[in-house]
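> So that we are looking at the same thing, I have put the structure below in structure tokens.
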Amino acid sequence: MFVINGAHLLRGFLFICSIGGTRSSDFIPNLIQIMSFMTRIAVVALAATAALAFSGGDISEYYDSSTFSCCVSNGWGFVIVRSYCSFGGTDSNAPATLRQAAAGGLEYHDVYHFPCTSVDAATQVSDDNAAVAGLYGMMWFDIETNYSPNCGWSGDAATNCDFLGQLIAAGNSLGIHMGIYASAYMWENIMGGCTVGADNGVVLWYANWDGAQSFGDFSSFGGWSHPNIKQYNDGVGICGINADGDWYPD
């Protein structure tokens, strides 16, 4: 980032004026125009920098295009929609919600998949993908406590790690662009020292509800040295939408 120092610029012009034997006051109008132009450049540069960051949210309910249009007006650039439920079935609202998000002006729309361990990994990934095919960019596997009957993670981290590996393998076989959602706490309690996501190049969306749109709080876990998205808030409260707040820098 550059900084325009008006005092230095002014002294430079006055120095040039003194060499030319011309009254410096003759140059003041031009100087003002130049400094105004340079200020506009600085504003554009700052706006471009801000445009490299994206705010958005993740949701588990249906919303229409007007709601998403409102979200766009409030700075959202993406949404992540639940497409597979914790009980082991596709979310019937997801296809329509994704279409409404696109109609509302959201350029990027992903899905998140809440795995059920009693459903075959390849089957649930295939079912999920078929239900929302062509409507999403990435599928994120949601790694957190699952309270649905017969769907929860086991008490053995190695078993859980193996199941996640099966989900990833299923996604790879279908050409799905994948990511993993987890907090450090959930990952360590469910997956232990598992690095299957990072080892397979699957990117991380992590949760820490500190309210900060920054990766400054991130500490490595699961083999990831850096994240791709942060869930920074568990309730953003805009446009009447029930969403978690998410952010990524570019």
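The values are calculated or read from the model by the stated rules, or taken from the named source; none is laboratory data. What you see is a predicted model; the values in this text were computed from it and never measured. Positions of Cβ are generated from backbone atoms using ideal geometry, with glycine treated the same way; all protein chains shown enter the neighbour counts.
> Please specify each residue of the range 190-239 satisfying the condition of being touching a residue at least 40 places away in the same chain (Cβ under 8 Å) and polar (S, T, N, Q).
Matches in the range 190-239: 213, 228, 231.
> Would it be correct to say that residue 245 is modelled with pLDDT of 95 or more, in contact with a Phe, Trp or Tyr (Cβ under 7 Å, 6 or more places away or on another chain) and not in a loop (DSSP other than H, G, I, E, B)?
Numbers: modelled with pLDDT of 95 or more: yes; in contact with a Phe, Trp or Tyr (Cβ under 7 Å, 6 or more places away or on another chain): yes; not in a loop (DSSP other than H, G, I, E, B): yes.
For residue 245, the condition - modelled with pLDDT of 95 or more, in contact with a Phe, Trp or Tyr (Cβ under 7 Å, 6 or more places away or on another chain) and not in a loop (DSSP other than H, G, I, E, B) - is met.
> Still on this structure, please answer the following. Could you tell me which residue of the range 237-247 is nearest to the chain's Cα centre (by Cα), considering only residues that are within 24 Å of residue 178 (Cβ to Cβ) and either among the hydrophobic types (A, V, I, L, M, F, W, C) or surrounded by fewer than 20 Cβ atoms within 10 Å (Cβ to Cβ) (or both)? Break it down stepwise before answering.
Applying the first criterion (within 24 Å of residue 178 (Cβ to Cβ)) to the range 237-247 yields 243-247.
Among the residues that remain, those that are also either among the hydrophobic types (A, V, I, L, M, F, W, C) or surrounded by fewer than 20 Cβ atoms within 10 Å (Cβ to Cβ) (or both) are: 243-244, 247.
Numbers: 243: 13, 244: 11, 247: 4 Å.
Here the answer is 247.
> Exactly one of these conditions fails for residue 153: (1) in contact with a helix residue (DSSP H, G or I) (Cβ under 6 Å, 6 or more places away or on another chain); (2) over 24 Å from residue 129 (Cβ atoms); (3) among the aromatic types (Phe, Trp, Tyr). Give me its number.
(2)
> Here are some residues: 178, 186. Which one is within 29 Å of residue 76 (Cα to Cα), touching a residue at least 40 places away in the same chain (Cβ under 8 Å) and in contact with a strand residue (DSSP E or B) (Cβ under 6 Å, 6 or more places away or on another chain)?
On the way: 186 fails: in contact with a strand residue (DSSP E or B) (Cβ under 6 Å, 6 or more places away or on another chain).
178 is the lone residue from the list that is within 29 Å of residue 76 (Cα to Cα), touching a residue at least 40 places away in the same chain (Cβ under 8 Å) and in contact with a strand residue (DSSP E or B) (Cβ under 6 Å, 6 or more places away or on another chain).
> Turning to a different aspect of this structure: Run down 250, 234, 217 and say which single residue is over 15 Å from the mean Cα position of the chain (by Cα), surrounded by fewer than 14 Cβ atoms within 10 Å (Cβ to Cβ) and not polar (S, T, N, Q). Outline the logic, then answer.
Working: 250 fails: over 15 Å from the mean Cα position of the chain (by Cα); 234 fails: over 15 Å from the mean Cα position of the chain (by Cα).
Exactly one residue qualifies, and that residue is 217.
> Tally time: how many residues in the range 159-191 are crowded, with 16+ Cβ neighbours inside 10 Å, assigned to a loop (DSSP other than H, G, I, E, B) and small (Gly, Ala, Ser)?
Counting residues in the range 159-191 that are crowded, with 16+ Cβ neighbours inside 10 Å, assigned to a loop (DSSP other than H, G, I, E, B) and small (Gly, Ala, Ser) gives 1.
> Considering every residue within the range 90-105, establish whether at least one is closer than 17 Å to residue 141 by Cβ and touching a residue at least 60 places away in the same chain (Cβ under 8 Å).
Restricting attention to the range 90-105, the residues satisfying the condition of being closer than 17 Å to residue 141 by Cβ are 90-91, 94.
When the remaining residues are screened for being touching a residue at least 60 places away in the same chain (Cβ under 8 Å), the result is none.
Looking for residues that are closer than 17 Å to residue 141 by Cβ and touching a residue at least 60 places away in the same chain (Cβ under 8 Å), one finds none in the range 90-105, hence no.
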